[in-house]
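Reviewing the structure listed below.
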Amino acid sequence: MTAASTIVPINPPSRTPRLQEPLHALFSAAGHPLRMGILRVLKAESFSVSELCDLFSMRQSALSHHLKILAEANLLSRRPEGTATFYRRQLPEGPHESLRQTMFDDIDQEPLGHDLVLGLQRVQRQREAHSATFFREHGEQFKRHQESIASWEDYSRATLHLLDRAGDFSGNKILEVGPGDGRLLPALSKRGAAVVALDNAQEMLDSAKKHASALDNVQFCFGEPASLTDHASAFSAAVVNMVLHHVPDPERLILDVARLLTPGGHLVVSELCPHDQAWAREHCGDLWLGLDPNALHIWAAAAGLERNAELFFGQRNGFQIQIQHFIRH
């Protein structure tokens, strides 16, 4: 090689750049037909692994593989509930937030297959039957077990404080969903022109009547909020105390109650925060081991409700109570 020679560097052959790992995992996870179906059924619901196995007619070992992929891609969130594990869709936040939201929106446009629709109805009936059976067989014991978890005095006092803070309801109608033994009804009766006590367990409704039979402005109704079709936008306030963790679809209940409120109407919800005390399922008929406050905020916003205030009470037994106050737009 002479002094005048020139060394020309040889570039390595170009390679197609790889997608960033989180983005690659996102597309890979959501691109499978079964995993798209899982995301679709979890649009507005949370299901246990066994319920998802029922819906998709799969063995748990096979389905768990797909759930793991979706969770690792941050598309699903898992939550232990005693011996069961429930999955829900992860909120579209963090890296590629807009892409996740667009992906969810597109998946939600896909119609559910006939078998999935039937499966969802079947799971809903199973949950409802579990709740109804408990209150039919253990209604008398319920109060004692419930008091061992949360003090009625604490959350009822806070509920009334938030109602009084909201305004004067003396000329308006108030709804209580799940009045239990009716202990709150006298206080609501004093505050409203008319009160409707609604419950889907006849045994519990009969118990409430015993404690409030002397109140001439209280009407007792059997059914769900969705059944009060003639009361749409009729209530200036609604109270849902320690009810949501007993119902199969708490998000749907919030939506149905919101539709019964007048514009500017108030909803007060008291509920357990998430906990790991699985015995509450057997002894208190709980379907959910508490509810995440953020989940309540999201469901309320989707129902046209704006959060106004929230309170938290710690119990000596380790349970924590949340009291949420919402106003309908």
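Structure data summary
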| quantity | calculated |
| --- | --- |
| Subset of segment 274-312 that is among the hydrophobic types (A, V, I, L, M, F, W, C) and at pLDDT below 80 - its residue that is surrounded by the fewest Cβ atoms within 10 Å (Cβ to Cβ) | Trp279 |
| Pick from segment 42-77, criterion modelled with pLDDT under 85 and charged (D, E, K, R), ranking: surrounded by the fewest Cβ atoms within 10 Å (Cβ to Cβ) | Lys43 |
| Scan of segment 150-185 for residues that are at pLDDT 95 or above, acidic (Asp, Glu) and surrounded by fewer than 21 Cβ atoms within 10 Å (Cβ to Cβ), ordered by number | Asp164, Asp168 |
| Residue pairs meeting the criteria (Cβ under 6 Å; at least 6 apart or on separate chains; first assigned by TED's automatic domain parsing to the domain that holds Phe235, in segment 170-185; second among the hydroxyl-bearing types (Ser, Thr, Tyr)) | Asn172/Ser236; Asp181/Ser207; Leu184/Ser156 |
| Residues being surrounded by fewer than 23 Cβ atoms within 10 Å (Cβ to Cβ) and either of a type in the set (A, V, I, L, M) or free of Cβ contacts under 8 Å to residues at least 24 places away in the same chain (or both) - total across segment 186-195 | 4 |
| Failed condition for Ser189, given (1) among the small types (Gly, Ala, Ser); (2) in a loop (DSSP other than H, G, I, E, B); (3) at pLDDT 95 or above | (2) |
| Unique residue being assigned by TED's automatic domain parsing to the domain that holds Glu310 and either surrounded by fewer than 18 Cβ atoms within 10 Å (Cβ to Cβ) or farther than 22 Å from Arg307 by Cα (or both) when the list is Ser213, Ser236 | Ser213 |
| Residue in segment 130-149 that is among the aliphatic types (A, V, I, L, M), within 30 Å of Lys43 (Cα to Cα) and at pLDDT 85 or above present | no |
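The values are calculated or read from the model by the stated rules, or taken from the named source; none is laboratory data. Because the structure is predicted, anything quoted here is derived from the model rather than measured. A quick note on method: Cβ atoms are made from the backbone with ideal geometry, for glycine too, and the neighbour counts reach across all protein chains shown.
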